[in-house]
Every structure is written in C-alpha cells, then in structure tokens.
1. List pairs: first in segment 94-107 and charged (D, E, K, R) and surrounded by 22 or more Cβ atoms within 10 Å (Cβ to Cβ), second at pLDDT 95 or above and assigned to a strand (DSSP E or B), Cβ under 8 Å, 6+ apart or cross-chain?
2. Within the group G83, G77, G33, G9, which residue is without any contact (Cβ under 8 Å) to a residue 40 or more places away in the chain, within 24 Å of E114 (Cβ to Cβ) and of a type outside the set (D, E, K, R)?
3. Any idea which of L121, L112 is at pLDDT 95 or above and of a type outside the set (S, T, Y)?
4. Which residue out of R138, R123, R107 is among the charged types (D, E, K, R), in contact with a Ser or Thr (Cβ under 9 Å, 6 or more places away or on another chain) and over 20 Å from G9 (Cβ atoms)?
5. Picking from E51, E36, which residue would you name as being farther than 15 Å from I96 by Cβ, in contact with a helix residue (DSSP H, G or I) (Cβ under 6 Å, 6 or more places away or on another chain) and surrounded by fewer than 18 Cβ atoms within 10 Å (Cβ to Cβ)?
6. What single numbered condition from (1) under 19 Å from F35 (Cβ atoms); (2) touching a helix residue (DSSP H, G or I) at 6+ places or on another chain (Cβ under 6 Å) fails to hold for A150?
Amino acid sequence: MALVLIALGSNLGNRIAHLQAARDLLKNLCVPGTFEQSPVYQTTPVLCPDESPDFFNCVVAFQYAGTPQQLHNQTQGIEFHLGRDRSAGINVPRVIDVDILAFGDVRHNDGLLEIPHPRMLHRRFVLEPLCEIAAEFRLPGDHVTIIEHAQHLDSQEPPLQVVQAQW
C-alpha cells in the first residue's frame, strides 16, 4: 500500500459538482477509512489561454493498494467518465483534471506518467491545499516537507481563496 496524493481541478461548468464527482469516484479506489480532502480553493489559471475561467482546485490523499500504472489508468478513466476532452489541447479549460502528485516513496517516469509530479513544488494551487492534509509529507529522496516547500515558494500566483471548506 502507498499513500497517494492527487490534485483535482475544474474550470468549466459546475466546478464543485465536478470535483465532488471525481472525489467520490476516487473514494472507491482507496483503502477504507484513509481518505482525506483539502478545502476547495479558487485559483487563477496558470499557463492557460487568455480568458480562461478561474479554477477550483483541491487535493486528496488516501492509501492505495495497486500500482502507479493502475492508478493512472483509473484516474484517466475518471476524467473520461466526467467528460474531459484530452483532444482539445494542453492547459485549455476543462471539466476535470485529476493529477497524481505522489505515490508513497515511488519515483516513476515511463514517458506517460511521471511521479512525483514534475511541477507540483512550483504551484501554489497545489502546495497550499496539500499543506492542509499532508504538510509533513516528504517526496522520495527529499529532506524537506511539503510545508517547508510551500514556505519557500517563489511564485507569481495570487493568493488562493477558499471557496468551500467542507464539500
């Protein structure tokens, strides 16, 4: 079993409903009683086309009994099930985004999936929610905790706004 950290984001349609649907599907994958979720934050799009709507972002954590590839297939299936159109391009507005941030102490890169997520430590919209549920987590080979990364983040992202603490 591994502790997995997953970022969820939505900037189209009923963003809270999309996050809730993704969360509920992820709960079906976890070891019972291990699921945690951060509050939902409203965030400014990063590296997205002009006029992209604001995102709602959060992070979830749970124990998972499969492999990184199995989890990746399942998260891709959740995106497809909820209407994500991957053919539309990179960083375009989307109904749902489900990104694996970390998978216990595993390092993985097969060209399709890279764990830990290569940009997670540079994104306020990932680190701040992650501090709510896994502040003391250390990435594989890292001697610095998530909260320490957040405290030293050099980002131009504006402050995040909590949209919903309980969802």
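The values are calculated or read from the model by the stated rules, or taken from the named source; none is laboratory data. Quick caveat, the model's predicted, so the values are computed rather than measured. Virtual Cβ from ideal backbone geometry, glycine too; neighbours counted across all protein chains shown.
1. Close Cβ pairs satisfying both conditions: R94/G9; R94/S10.
2. Answer to the selection: G77.
3. Answer to the check: L121.
4. Matching residue, one of R138, R123, R107: R138.
5. Just one listed residue meets the conditions, E36.
6. (1)
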